[in-house]
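To start, the structure under review is shown below, and the notes come after it.
Please treat every number below as a calculation from the coordinates, not as lab data. Remember, it's a predicted structure, so these values are computed and weren't measured experimentally. Note that we place each Cβ from the backbone using ideal geometry, even for glycine, and neighbour counts take in every protein chain shown.
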Amino acid sequence: MRRRLIAFWFVLPAFLLYTVFAVYPLLSALANSFWRWQGTARAGFAGTDNFTGLFTTFPLDQQLWPAFWHTMAFFAGTMLMQNTVGLLIAVLLAELPVARRFLRTVFTVPYLVGGLVVGYLWSLLLSPVFGPVGAGLDAMGLGALARPWLGDPATALPTVILVNAWHHLGFPILLFGAALAGLPPEYGECARVDGATAWQRFRRVTLPLLLPSIGVISILTFLGSMNTFELVYALSGAQGNQPTGPGGATDVLGLLFYRIAFAEGGTNAIGQSSALAVLLFIATFVVAVTADRFIRSRS
Amino acid sequence: MRTRTGFAVLALVAALASAACTATGSTDDRTTLSLWSWRPEDVAAYEQILDTFHDAHPDIRVEVKAYKSTEYNTILSTGLTRAGGPDVMQLRAYGGLQPLIDAGDLVPLDDRVTGLANFEKSSLDGARGKKDGKVYGVPLEMSTFQIYYDKDVFAKHQIEPPATWEQMLAAARTLQGAGITPFATAGKDTWLLPLYADMFAATRYGGPAFEKKVLAGDVTFTDPAYVAALDVLNQLKSFFPKDMMALGETDVQTLFATGKAAMIPEGSFALAPLKTINPKLNLGVFNAPPPPGAVVTEPLQVGWVDASYGLNATSEHQEEALQLLQWMTTAEFGQQVADTLKQVSLVKGVQPADPLLADMVAAYRAAPTPYLMLVDFRYGTPLGSDLQAAGLQKMLLGQQTAAEVAADIQAGISQWFRP
Amino acid sequence: MTRTVRLAGYLLLWSYAAVALAPMLVMLLNSLRPNADVLSVPLGLPSTLDFTNYETAWTEASFSTYVWNSVLVTAGAVALDVGVALPASYALGRFGFRGRAVLTAYFLAGLMLPVRLGILPTFHLLGSMNLIDSRLGLILVYAAGGIPFSVFVMTAFFRGLPADLDEAARLDGAGELRIFARIMVPLVKPAIATVVVFRFVPLWNDFFYPLVLLRSSDRYTLPVGLTQFFGEFQTNWAALFAGLVITTVPLIVLFVVATRQIVEGLTAGLGR
């Protein structure tokens with residue numbers, strides 16, 4: 001009984017802080033999504049109107065799906081880069097000892113920098129007029145390759161994805177590195193005795209053991225993509241109430257949410273942004289939990 | 001060990017306490033007014049201007065805070081009702097300030113600021129409540145939008161400011177042949193696009209006459225004349241920078257100011273920044289000649305009442321704030337706006353300091369046309385200017401036709417607009 | 001592994017090192033050049049060591065204030081986070097009581113919750129407490145958001161400690177507080193270090209919350225200050241680069257000092 005009381009007092013501060021400032025706002029967003037709002041005042045029960053409104057009110061209806069698909073492309077592209085390039089570099093790093101520590105540090109540096117800084121940095125680097133990237137291509141005689149990467153709807157999203165991959169690649173490198181270091185050496189030894197080639201050893205022994213890491217990276221990338229905001233905000237130069245990027249080419253759900261929540265003159269901003277928040281929340285949670293189950297069952 | 005834990009707790013408490021206390025640290029007994037603006041580039045000029053006010057009102061100190069223009073509305077709408085908000089702040093004109101009025105965030109100034117008599121009645125329209133007709137802001141300035149050209153570049157290629165559409169296109173071709181971008185236009189800062197459309201083609205749809213008809217419900221934005229006007233930008237596209245959609249306003253200002261472009265469609269508010277980038281710039285202005293098929297056959301000058309200064313209803317220093325606003329209605333302040341901010345003051349009798357600005361104002365008095373989407377179609381969401389900006393960007397990217405853009409504008413606006 | 005493969009491998013590693021580092025290097029170099037040079041020759045070496053851009057950013061654009069605010073907010077939030085999560089993790093990790101599993105799950109659920117989606121209610125909540133435009137408000141929100149990760153890492157660590165440690169102390173008649181503060185906390189120092197370093201980075205970089213919750217530029221943290229700076233000094237690219245360097249350097253220093261904790265933090269993330 002006494003221990004229970006002690007436990008209670010030990011847990012209480014964390015419980016209160018977490019409940020009031022993290023859990024309560026999320027629950028209240030859920031409640032808010034079922035009400036119609038007039039500024040900051042409730043103006044009647046809305047049922048599911050806020051949800052259907054997202055899909056039927058012009059011009060929201062034309063912004064939601066593009067933002068969704070851009071977010072998915074953002075996730076898929078980043079995840080692919082992390083689990084291929086990131087994995088390759090981690091494996092190479094594990095095999096090749098020269099300057100390993102230094103290289104690992106170098107690879108991790110971009111990951112530490114914030115999304116906003118990365119976005120601003122690359123927006124300067126990629127500027128078609130004064131950008132060092134264009135200047136560099138010119139200097140190498142490759143000036144013909146230079147283009148307004150962020151100004152062309154065809155290249156804007158891929159550019160944002162590549163910049164994001166550049167930003168986050170340090171994470172899988174470190175994570176795979178830690179996982180590789182944790183693998184029992186005898187697995188590789190056995191295979192080596194069997195006369196397997198390096199590739200076969202990787203495919204049959206190392207890769208299956210890395211599956212949990214690949215899963216974790218994918219889940220975290222998914223969570224990150226659903227929340228993506230800073231990078232695109234800084235890189236594409238967010239524009240008031242309009243979809244971001246040329247012709248809305250780099251608009252993502254995180255930005256759409258921010259726009260609806262803090263839109264100028266949007267009287268039902270609370271209702272509609274909460275509805276979108278709830279949808280995003282459900283999507284994120286379901287995918288994360290399902291993927292987690294799947295990975296656990298496989299490993 | 002015990003002392004160490006004690007220190008850790010102390011450090012934590014100290015960190016929290018110092019975070020809680022405000023950092024204003026005002027040691028004197030003057031009242032500090034907080035003034036918000038959406039022009040960070042003007043902060044230094046404001047401090048200079050406010051020195052005059054401080055001399056006359058030693059008991060008041062005004063602190064200027066400026067936010068990025070694109071973030072300003074968001075910050076203001078959430079900032080007005082909370083602690084840390086402004087006392088006096090720049091307000092968007094026309095529809096832009098209605099949500100603040102509806103929310104009761106602003107104080108009507110009609111009976112409180114006698115100096116409002118120093119303005120023309122029409123100058124106050126930008127700061128008027130749509131429902132009650134009361135004035136909620138002291139007009140700061142009006143803006144006009146036109147084409148600036150580099151006189152030296154024009155002279156070098158023997159080009160005169162064009163009087164007809166054909167002459168303008170011929171000039172553009174000459175410049176392009178010489179490797180100079182004819183028009184420095186920015187597509188990344190989409191808010192400029194509706195202004196480009198009105199500047200090049202208000203004559204095509206008919207300017208103020210069209211405004212009357214569309215407000216009366218006699219025509220809609222799908223009217224062929226309006227669609228044709230939107231399409232004018234398409235016809236000029238080859239004379240814009242080819243990477244226009246990757247360029248922001250300051251990028252193209254720099255292009256123009258460094259001689260890489262010969263003309264730039266810009267606002268009267270851009271005069272000072274252009275001169276800052278290149279003080280030696282030899283500037284002229286003209287308005288686009290009417291394009292083929294134009295309804296109005298003489299050039300029109302786009303202009304509108306822009307910013308005004310309003311009073312936050314929750315300000316704790318109403319009295320002092322009113323003194324500041326009263327001062328903003330004087331010729332003394334108006335002249336400073338003209339001289340130091342290099343903008344067009346609306347205070348009666350104040351003359352623009354720069355002859356170029358005087359030209360713009362004169363052109364506006366002679367043949368005015370409104371910045372249509374700002375003046376008339378920002379009274380509901382989706383905002384007309386947002387719809388037009390997003391649509392024009394898609395049009396210039398080849399994703400939509402002018403007719404589709406017009407249809408989208410109409411569809412969006414008809415959600416709230418009643419003739 | 002053959003020699004050729006080895007060589008190709010090194011080549012690849014060093015090429016990617018160049019890709020990872022080049023943008024940062026350009027940022028550093030351009031921050032040391034006069035603005036006119038940066039605009040006319042975007043890619044070049046500084047001819048002299050010129051720190052005017054840093055002066056511009058530090059004093060004219062008040063980066064000195066932003067850095068102080070960032071330090072205060074980040075340190076305050078991490079301290080509060082660890083301060084409350086430490087006893088909670090101890091109880092959850094070492095005490096058997098009913099509801100423990102549910103309570104643990106309640107905390108850990110936060111790892112998967114996109115906390116940002118509650119931004120509007122958070123805003124109004126802080127508004128009702130008069131904590132808008134306050135660094136304390138930001139600290140509370142940040143600390144709350146960090147609790148799931150801290151509890152996750154430290155509970156695992158407490159659980160891993162041998163069972164007889166506290167039992168022995170208890171038999172000696174030591175009080176619970178004393179056991180916690182004198183025996184347990186010193187043993188979980190590595191976990192604390194991991195949490196501190198690992199929470200520090202995202203809070204230092206966060207832009208979303210201060211963008212919404214702060215108003216006065218004298219309370220801005222670095223990311224919001226940077227956005228203000230990019231609006232104000234749009235044409236002074238050299239100064240913009242200097243501002244980016246100022247925002248980045250503390251993180252790189254932190255990483256060099258605490259590489260081990262960062263790697264451990266990531267590995268901890270692997271376990272779940």
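Taking a straight line from the alpha carbon of B:Lys156, these lysines sit under 26 Å away, with near neighbours fewer than eight places off in the same chain left out: B:Lys237, B:Lys242, B:Lys260, B:Lys275, B:Lys280. For the stretch A:49-298, the normalised intensity computed at q = 0.12 Å⁻¹ comes to -0.82 (log10 of I(q)/I(0), Debye sum over alpha carbons, equal scatterers, no solvent).
Would you work out if the stretch C:109-153 is rounded, prolate or oblate? Take a ≥ b ≥ c from the square roots of the eigenvalues of the alpha-carbon gyration tensor; rounded if a/c is under 1.5, else prolate when a/b is larger than b/c, oblate otherwise. Oblate, since a/c reaches 1.5 and b/c is not below a/b.
What the Cβ-Cβ distance of B:Lys134 and A:Trp199 gives, at R0 = 60 Å and to the nearest 0.05, is a FRET efficiency of 0.15.
Shown here for the stretch C:42-142: chymotrypsin sites (Phe, Trp or Tyr not before Pro) in loop regions (DSSP other than H, G, I, E, B) with at most 14 other Cβ atoms within 10 Å, namely C:Phe51.
Here B:Lys121 is the anchor, and the lysines within straight C-alpha reach of less than 25 Å, apart from those fewer than 8 places off in the same chain, are B:Lys130, B:Lys131, B:Lys134, B:Lys212, B:Lys213, B:Lys342, B:Lys348. Among B:His57, B:His157, sorting on how many other beta-carbon atoms sit within 10 Å of each Cβ, with the fewest leading, yields B:His157, B:His57. Ranking A:Pro148, A:Leu27, B:Ala363 by how far each Cα lies toward the positive end of the dipole of the protein assembly as shown (charges on Cβ) leaves A:Leu27 at the top. Rounded to the nearest 20 debye, the dipole magnitude of the stretch B:244-330 is 540 debye, with +1 charges on Lys and Arg beta carbons, -1 on Asp and Glu beta carbons, and the Cα centre as origin. Convex hull volume per residue, computed on the Cα atoms of chain C, equals 194 Å³. Across the stretch B:403-418, computed HN-Hα scalar couplings (Karplus, 6.51 cos²θ - 1.76 cosθ + 1.60, θ = phi - 60°) run 5, 5, 4, 4, 5, 5, 4, 4, 4, x, 5, 5, 5, 10, 7, 10 Hz from first to last residue, x flagging Gly and Pro.
Adding -39500 (n - 2.57) for every DSSP H run of four residues or longer, then dividing by how many residues chain C holds, sets the calculated 222 nm ellipticity at -23000 deg cm²/dmol.
Using a Förster distance of 45 angstrom, determine the FRET efficiency expected from the C-beta separation of A:Ile282 and B:Glu298, and round it to 0.05.
0.15
Each of A:Ser225, A:His168, A:Gly114 was scored by the projection of its Cα onto the charge dipole of the stretch A:49-298, and the greatest displacement toward the positive side belongs to A:His168; charges sit on the C-beta of Lys, Arg, Asp and Glu.
If a/c stays under 1.5 just call it rounded; otherwise compare a/b with b/c (prolate if a/b is bigger, oblate if not). Do that for chain B, with a ≥ b ≥ c from the square roots of the Cα gyration tensor eigenvalues. Verdict is prolate for chain B.
Comparing C:Ala191, C:Ala18, C:Ala242 in a Gaussian network model of chain C, where Cα atoms under 10 Å apart are tied by springs, the biggest mean-square fluctuation is seen for C:Ala18.
For A:Leu183 and B:Gln235, what is the calculated FRET efficiency with R₀ set at 56 Å and r taken between the beta-carbons, to the nearest 0.05? That pair, A:Leu183 with B:Gln235, gives E of 0.30. With a point put 7 Å past each Cα toward its Cβ, work out how far A:Ala76 is from B:Ala366 in nm, to one decimal. Placing both labels 7 Å along Cα→Cβ, they lie 5.9 nm apart. Remark: the stretch A:109-126, residue by residue, has Karplus-estimated 3J(HN,Hα) of 3, x, 5, 6, 6, x, x, 5, 4, 4, x, 5, 4, 5, 5, 6, 4, 8 Hz, where x stands for each Gly or Pro and the curve is 6.51 cos²θ - 1.76 cosθ + 1.60 at θ = phi - 60°.
For B:Val62, the residues 5 or more places off, or on other chains, whose built amide H falls under 5 Å of its own are B:Leu33. Counting other Cβ atoms within 10 Å as a rough exposure proxy, the listed residues B:Lys156, B:Lys65 run B:Lys156, B:Lys65 from fewest neighbours to most.
Against the main long axis of the alpha-carbon atoms of chain B, helix B:69-79 sits at an angle near 40°. Summarising the strand pairing of the protein assembly as shown, around 65 percent of its internal DSSP beta bridges are antiparallel. Here the dipole of the stretch A:49-298 is about 760 debye; that uses its Cα centre as origin and unit charges on the Cβ of Lys and Arg (positive) and Asp and Glu (negative).
Taking the 0 to 90 degree range and rounding to the nearest ten, how far is the long axis of helix C:237-257 tilted relative to the main principal axis of chain C, both from C-alpha atoms? So the helix axis and the longest Cα principal axis differ by about 30 degrees. Of B:Asp189, B:Asp376, B:Asp111, the residue with the greatest mean-square motion in the GNM of chain B, using alpha carbon springs below 10 Å, is B:Asp111. Extension gain for B:Gln48-B:Arg173 works out to 40.6 nm (0.36 nm per residue, less the C-alpha to C-alpha distance). The phi-based Karplus calculation (6.51 cos²θ - 1.76 cosθ + 1.60; θ = phi - 60°) puts the 3J(HN,Hα) values of the stretch C:37-51 at 5, 4, 6, 7, 10, x, 10, x, 8, x, 7, 10, 7, 10, 9 Hz, whole numbers, x for Gly and Pro. GNM remark for chain A: springs join alpha carbons under 10 Å apart, and the peak mean-square fluctuation among A:Gln82, A:Gln200, A:Gln242 falls on A:Gln200.
As a rough footprinting exposure proxy, the listed residues B:Glu160, A:Glu230 were ranked by other beta carbons within 10 Å of their own, and the order from fewest upward is B:Glu160, A:Glu230. Proximity of backbone amide H atoms, modeled 1.01 Å from N, is registered between B:Val285 and B:Tyr149 at under 5 Å, excluding neighbours fewer than 5 places apart on the same chain. Calculate how steeply helix C:222-232 sits against the longest principal axis of the alpha-carbon atoms of chain C, using the helix alpha-carbon long axis, and give the answer as 0 to 90 degrees to the nearest 10. Result, in degrees: 20. Placing unit charges on each Cβ (+1 for Lys and Arg, -1 for Asp and Glu) gives the protein assembly as shown a dipole about its Cα centre, and among B:Pro99, B:Gly217, A:Phe281 the Cα reaching farthest toward its positive end belongs to A:Phe281. Between the stretch A:71-127 and the stretch B:254-273, the C-alpha centres lie 39 angstrom from each other. The distance between label points at C:Ala163 and A:Ala291 comes to 3.7 nm (points 7 Å beyond Cα on the Cα→Cβ vector). Around the Cα centre of the protein assembly as shown, unit charges on the Cβ atoms of Lys, Arg, Asp and Glu (plus for the first two, minus for the last two) sum to a dipole of about 4220 debye. Computed over chain A, relative contact order equals 28 percent, with contacts defined as Cα pairs under 8 Å that lie 6+ residues apart. Under 5 Å between amide hydrogens, built in the peptide plane, is the criterion, and for B:Leu91 it picks out B:Ser308, B:Tyr309, B:Gly310 among residues at least 5 positions away or on other chains. Name the shape class, rounded, prolate or oblate, that the alpha-carbon gyration tensor gives for the stretch B:365-419, where a ≥ b ≥ c are the square roots of its eigenvalues, rounded holds for a/c under 1.5, and otherwise prolate holds if a/b is larger than b/c and oblate otherwise. It is oblate, given that a/c is not under 1.5 and a/b is not larger than b/c. For the stretch A:22-61, the residues whose backbone nitrogen is under 18 Å from a point 7 Å from the Cα of C:Ser128, taken along Cα to Cβ, are A:22-44. Using 13 Å as the cut-off for backbone N distance, which residues of the stretch C:39-53 belong to the label zone defined by a point 7 Å from the Cα of B:Lys260 along Cα→Cβ? So the set is C:39-43.
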